[in-house]
Structure formats: C-alpha cells, structure tokens
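J.: I'd like to ask you about the structure that follows.
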Amino acid sequence: MSANPAASATSESAEPARNLLVARDVHKSFGQTEVLKGIDLTVTEGEVVALIGASGSGKTTFLRCINLLEEFEQGSITVDGDPVGYTDRGGSRRRLSEGRLAAQRARIGMVFQSFNLFPHMTAAQNVMLGLVKVKGMAKAEARSLADHWLARVGLADRADHHPYQLSGGQQQRVAIARAVAMDPRLILFDEVTSALDPELVSEVLGVMKDLAKSGMTMLVVSHEMLFVRDVATHVVFLDSGRIVEEGEPHAVFKNPKSDRLRAFLGRFTDIIGDITAR
Amino acid sequence: MQRTYLGELMKAKWSLLQGFITTMEISAIVIVIGLIAGMIGGLLLVYGPKPVRLLMRLYVDVLRGIPVLVLILFSYYGLALLGVNISAYTAGVVALAGFCSAHMSETFRGAIDSIPVGQTEAAKAIGLTFQQRFIYVLLPQAARRIVPPAINTAVEMVKGTTLLSIIGVLDVLLATQQTIARNYMVIEFYATAMLFYFVLNFTLSRMGAYFERRFGFIRY
Ligand SMILES: Nc1ncnc2c1ncn2[C@@H]1O[C@H](COP(=O)(O)OP(=O)(O)OP(=O)(O)O)[C@@H](O)[C@H]1O
Ligand SMILES: [Mg+2]
C-alpha cells in the first residue's frame with residue numbers, strides 16, 4: 001500500500017489525457033433568438049466527439065464559435081488551455097485583436113460542408129498557404145509537407161490540379177489535408193459529406209476514420225450515423241441549443257433516454273435499421 | 001505654297017508631342033490614383049465601420065452622379081473662388097481622379113462582395129490575418145471581376161482628359177485644335193487625334209481581355 005494514493009494513481013496513467021476543448025456555459029444569440037443556451041462540453045486529447053441534432057439545433061453555430069467565426073455573448077471556450085476569442089481583464093469581456101484571433105484560429109482546424117478551397121490555387125498551394133504565410137515555413141518544406149498530406153488523403157497525383165479539376169470528394173479531401181497540415185490541436189468538421197454525391201461520401205469518411213485512428217482530436221458534426229457509431233468515442237445530442245444527452249455512441253444509440261433523441265434517431269432507422277438493435 | 005499634311009505635322013510636332021505627353025501623363029496619374037483609392041474605398045465600403053461606410057457610399061454615389069465636366073469646372077473655378085489656387089492641370093487631375101476613384105471603389109466593392117463568404121472563412125480558419133486574406137485569397141479572385149469594369153473606367157478616363165482642354169490644359173485635343181487654327185487642316189488633324197485616342201484605348205481593352213482570360217479559370 002502506498003502512503004500516497006494520489007501519487008500512485010498518477011504514476012499508473014503516465015500522462016493524463018489533456019482537455020483540448022473546454023466549453024463552459026456558452027450562450028449565443030442571433031438578434032432576439034437564443035441559438036445556444038448554455039453549452040458545456042469537454043473534449044480530451046485523441047477523442048472523436050460527434051455532435052448530432054436536428055437541423056437548426058445549433059451544431060454549426062457552436063463549431064463556428066469555437067473557431068471564432070461567430071461571436072458569443074456569454075460563457076467561455078478554452079482550446080488547449082488558451083481561452084479563445086475574448087479577454088476578461090478588469091471584469092470587462094473584450095474581443096481579442098484580429099492578430100490574436102488569427103493566431104488562435106491557426107491552432108484549430110476546420111473543414112466545411114462546402115469545401116471552400118481557394119479556386120485560384122492548386123491543391124498543393126491550398127495546403128501550403130497557411131504553412132508559408134502563417135507558420136513561416138520555407139516554400140520547399142511546405143511543398144513536401146503538402147505532398148505528404150495530399151498522399152495521405154489519396155491525392156498524390158492531384159497535387160497540381162486546381163479545384164475545378166477535382167471531384168467534390170477530392171476537393172473535400174484536399175480541404176482536410178489543408179486543415180491537418182497546419183498541425184492543429186483540434187479539427188472541427190461541419191457536415192463535410194453533406195454536399196457530396198452519395199458515391200463520394202465513403203472516400204471522405206475513410207480519410208476521417210484514418211485521421212481518428214492516428215490520434216487526431218476531432219469534433220464532428222455529422223448525419224452519418226454509422227460513421228458516428230463506429231468512429232466516435234463520444235456522441236453529443238444537441239436540441240434547440242442545449243446538450244440533451246451524451247455518452248458512448250453504442251450506449252446512446254441503444255438506449256436513448258430523452259424523447260427528443262429517440263425521435264431524432266427514429267428518422268435514421270430506415271437507412272440504418274440496426275443502429276439501435278446492436 | 002502648297003501645304004502638305006506631313007509638312008504641317010512636322011511643324012506642329014513639338015506642340016502635339018507635348019499634348020500626347022500631357023494626355024498620357026494625366027491618364028496614367030488618374031488611373032493609378034483611381035486604382036489605389038478604389039481598392040481602399042472598396043475595402044472601406046465592405047469592411048468599414050458603419051459611419052465610414054455611409055460616408056464612402058455618399059462619396060461614391062454623389063461623384064458617380066455628377067457629369068465629369070461639371071466636376072472639372074467646379075474643381076477649377078469653384079476651388080479658386082474658395083481661395084484654393086491650383087493650376088488647370090492640378091484641378092483637372094483632382095476632378096478626374098476623384099471621379100475615377102468613385103467608380104473604382106464601386107468596382108472593388110462589387111468584386112469583393114461577389115466572392116463567397118466561405119472563402120474568407122476558410123482563410124480565417126487557417127489563421128490568415130485580414131491583410132493576408134485580402135492579398136492572397138480575396139484580391140486574386142476579385143481581380144477577374146475587377147478588370148473588365150476597371151478597364152472600362154480607364155478608357156472613360158482617357159476620353160475624359162479631353163474635357164480638360166476646356167479649362168486650358170494643353171492635351172492632345174487642345175494641341176490639335178491649336179494646330180488646326182494655324183493650318184485649317186481640320187480633317188487630317190482631328191483624324192490624327194482620333195487615331196491616337198483609339199490606339200491608346202484599344203491597347204487598354206486588349207490588356208483587359210488578356211487578364212480576363214488569364215483569370216478565367218476561377219470558378220466555384
Ligand atoms: N447568421 C445567422 N443569422 C441569424 N440566424 C442564424 C444565423 N446562423 C444560424 N442562425 C439560426 O441559428 C439556428 C441554429 O443554426 P445552425 O446553423 O447552428 O444549426 P445546425 O444545427 O447546424 O443545423 P443544420 O443541421 O441544418 O446545419 C437556426 O435557427 C438558424 O436559423
Ligand atoms: Mg449546420
């Protein structure tokens with residue numbers, strides 16, 4: 001028996017998982033409408049957290065608050081220990097300067113539903129832009145890193161293609177490479193397969209699965225319930241701006257506690273009838 | 001003694017050359033100022049705080065709504081009455097540059113506004129600052145939409161310089177008129193002036209067409 005149980009506990013788990021994202025009581029309104037009504041969420045390193053919920057429940061808005069694309073009025077979001085978006089000096093809450101915001105965003109990756117590749121640049125240039133301009137990397141080094149990540153997403157032979165020469169699935173994989181290459185603490189995915197033709201969905205999900213396996217911390221908004229069930233370590237159900245239920249995906253899908261989640265999952269039974277059965 | 005066109009052209013060559021230089025010079029100054037001010041004006045119209053945006057909007061709409069000649073006369077005679085003494089040349093440049101800037105501001109605003117908001121958001125998401133987003137992401141995409149109307153404006157400005165002959169700026173038109181007053185070769189020398197303006201503006205248009213093709217691949 002150890003004289004100091006706390007010490008032995010820490011020595012057993014050599015490094016406790018870091019909290020990469022801590023959201024506390026996040027409130028956000030558009031005009032009179034409160035869209036986020038106090039979101040509390042913690043994502044630890046290496047976790048893949050899926051955010052599900054009906055259209056309009058606030059999933060996109062929450063992701064955009066994390067990446068400072070949207071301002072929020074109340075609460076706090078901390079990414080890897082760094083409170084994002086605002087300072088709280090002298091009791092008054094102030095938006096950070098443009099420069100500080102840019103530096104914080106560089107540490108948070110984001111992949112969008114509509115890809116948003118830069119159309120005037122090749123795939124490699126899309127990936128290199130942030131590396132060169134934000135990280136100050138030399139062009140040659142950035143290029144080899146871009147080639148590395150484009151190969152990882154299966155696009156080694158498309159590095160010098162412009163977006164219009166790529167399919168939707170390929171464009172989205174370039175967008176993922178662009179986000180990952182920045183070496184972010186956390187990557188946000190907002191319905192990244194929703195704009196894709198059905199036959200292109202799996203190639204993008206495959207890349208995301210691969211990323212998840214490599215230990216990347218991910219917060220994923222998705223309606224791909226099979227992907228959520230199989231890849232997410234934790235699933236969060238958002239309803240009208242509140243987290244109503246969360247937990248391990250199989251458990252949550254099998255025994256939804258709230259009527260809202262049961263109703264929401266019910267919509268997917270046609271496509272994935274076995275989701276709650278397993 | 002028989003007057004020949006070439007003989008008269010040689011006699012008038014220094015005066016005409018001076019006119020060419022003045023026209024080219026004023027056109028260039030006005031277009032360059034217009035492009036720079038238009039870029040800044042366009043940015044203010046899109047991203048400026050509300051009062052600045054409103055002021056810019058007022059400037060742009062007022063100047064675009066006034067005939068250039070009125071602007072020129074106001075700039076020359078009006079400013080003199082207000083005690084600001086400037087040469088006809090300067091007054092002309094001020095009026096044309098003010099007019100050009102207003103048009104270019106609107107052109108830049110339209111081009112920046114037409115870029116999908118997702119472009120800015122993707123650029124923000126990789127950590128680019130405002131300046132970097134503008135230079136590397138927005139401007140190259142806006143260029144394709146800026147060039148055609150900007151070339152139009154530039155061509156209008158070259159044509160507009162002829163109005164400065166009214167306040168006594170010795171441009172191609174005034175030099176031509178003075179030449180004709182001496183030799184009465186009306187057709188020949190107006191044709192010479194026309195050829196000059198045509199060549200200058202045709203060159204501008206061709207440059208525009210080239211740039212348009214160059215950026216034509218940008219699609220969403
Ligand atoms: N810029 C905006 N201005 C006003 N209201 C907005 C704005 N953006 C979102 N909303 C509103 O906020 C609510 C939440 O929107 P949000 O896009 O976050 O939902 P979502 O869960 O991502 O939905 P979906 O599944 O359809 O993408 C919606 O009611 C929406 O109409
Ligand atoms: Mg959404």
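J.: Nearest 10 degrees is fine. How inclined is helix B:172-183 to the longest principal axis of chain B, computing both from alpha carbons?
T.: 10
J.: Also, I was wondering about something else. Let me have the relative contact order for the range A:37-101, percent, based on Cα pairs under 8 Å that are six or more residues apart.
T.: Relative contact order, the range A:37-101: 17 percent.
J.: Does anyone have the angle between helix B:5-47 and the longest principal axis of chain B? Alpha-carbon axes, 0 to 90°, nearest 10?
T.: So the helix axis and the longest Cα principal axis differ by about 20 degrees.
J.: In 5 Å bins starting at zero, report the fraction of Cα pairs in chain A per bin as a rounded %.
T.: Histogramming chain A at 5 Å steps yields 1, 5, 12, 15, 17, 16, 13, 10, 6, 3, 1, 0, 0, 0 percent.
J.: Let me ask something else. Is it possible to state the helix-based mean residue ellipticity at 222 nm for chain B, with each DSSP H run of 4+ residues giving -39500 (n - 2.57), the sum divided by total residues, to the nearest 500 deg cm²/dmol? What is it?
T.: Result for chain B, helices only: -25500 deg cm²/dmol.
J.: Taking 56 Å as R0, compute the FRET efficiency from the Cβ-Cβ separation of B:Lys13 and B:Val117 and round it to 0.05.
T.: FRET efficiency, B:Lys13 to B:Val117: 0.50.
J.: Sum up the charges of everything whose Cβ sits under 11 Å from the Cβ of A:Thr122, counting Lys and Arg as +1 and Asp and Glu as -1, but leave A:Thr122 out.
T.: +1
J.: Expressed in nm to one decimal, what extension gain is obtained for the pair A:Lys209 and A:Asp160 from 0.36 nm per residue of sequence separation less their Cα-Cα distance?
T.: Taking 0.36 nm per residue and subtracting the Cα distance, the gain is 15.1 nm.
J.: Take the alpha-carbon centre of the range A:182-228, take the same for the range B:1-15, and report the distance between them in whole Å.
T.: Using only Cα atoms to place each centre, the spacing works out to 78 Å.
J.: Right, another one. Give me the net charge of A:Glu191's neighbourhood, meaning all other residues with Cβ under 12 Å from the Cβ of A:Glu191; Lys, Arg count +1, Asp, Glu -1.
T.: Around A:Glu191, the surrounding residues sum to -1.
J.: Also, quick follow-up: With axes computed from alpha carbons, what is the tilt in degrees of helix B:50-64 against the longest principal axis of chain B, rounded to the nearest 10 within 0 to 90?
T.: For B:50-64 against chain B, the angle is about 30 degrees.
J.: A further question follows. With springs only between Cα atoms under 10 Å, which of B:Ile26, B:Ile166, B:Ile72 fluctuates most in a Gaussian network model of chain B?
T.: B:Ile166
J.: Which length gain, in nm to one decimal place, applies between B:Arg182 and B:Phe74 when the Cα-Cα distance is subtracted from 0.36 nm times their residue separation?
T.: 35.8 nm
J.: Still on this model: Note down the net charge around A:Thr61, summing +1 for each Lys or Arg and -1 for each Asp or Glu among other residues with Cβ under 14 Å from its Cβ.
T.: The answer is -3.
J.: Work out the mean other chain Cβ neighbour count within 10 Å for the residues of B:138-144 and drop it here as an integer.
T.: Per residue, the number of nearby Cβ atoms from other chains is 2 on average.
J.: Anything over 32 Å Cα to Cα? Flag those among B:Lys11/B:Lys159; A:Lys28/B:Lys124; A:Lys59/A:Lys139; A:Lys133/A:Lys213; A:Lys213/A:Lys254, in the order listed.
T.: Among B:Lys11/B:Lys159; A:Lys28/B:Lys124; A:Lys59/A:Lys139; A:Lys133/A:Lys213; A:Lys213/A:Lys254, the Cα-Cα distance tops 32 Å for A:Lys59/A:Lys139.
J.: Which trypsin sites (Lys or Arg not before Pro) in the range B:1-94 sit in a loop by DSSP (not H, G, I, E or B) and have at most 14 other Cβ atoms within 10 Å of their own Cβ?
T.: Those satisfying the criteria are B:Arg3.
J.: Would you kindly state how much longer the chain becomes between A:Asp230 and A:Asn19 on full extension, computed as 0.36 nm times their sequence separation minus their alpha carbon distance, in nm to one decimal?
T.: Contour length minus the Cα-Cα distance gives 73.7 nm.
J.: Per DSSP helix of 4 or more residues, -39500 (n - 2.57); summed, then divided by the residues of chain A. What does that give at 222 nm, rounded to the nearest 500?
T.: Counting only the DSSP helices, I get -10500 deg cm²/dmol.
J.: Can you give the FRET efficiency for A:Thr78 and B:Ser205, using 1/(1 + (r/R0)^6), R0 = 41 Å, r = Cβ-Cβ distance, to the nearest 0.05?
T.: Calculated value: 0.15.
J.: How much of the DSSP bridge set in chain A is antiparallel, in percent, rounded to the nearest 5?
T.: 60
J.: A further question follows. Could you work out how far the C-alpha centroid of the range B:122-199 sits from that of the range A:65-85, in angstrom?
T.: What the calculation gives is 48 Å, centre to centre.
J.: Per residue of A:97-106, count partner chain C-beta atoms within 10 Å of its C-beta, then hand back the mean as an integer.
T.: Across the residues of A:97-106, the mean count of other-chain Cβ atoms within 10 Å is 4.
J.: Shifting gears a bit: Taking only the C-alpha atoms, wrap a convex hull around chain B and report its volume per residue in Å³ as a whole number.
T.: 139
J.: Here's something else I'd like to know. Name the most mobile residue of A:Gly53, A:Gly206, A:Gly31, meaning the one with the largest mean-square fluctuation, in a Gaussian network model of chain A with Cα contacts below 10 Å.
T.: Per the Cα network of chain A with a 10 Å cutoff, A:Gly31 tops the list.
Read-outs: derived from the displayed coordinates by stated rules, not from any lab. What you see is a predicted model; the values in this text were computed from it and never measured. Positions of Cβ are backbone-derived with ideal geometry, glycine not excepted, and every protein chain shown enters the neighbour counts.
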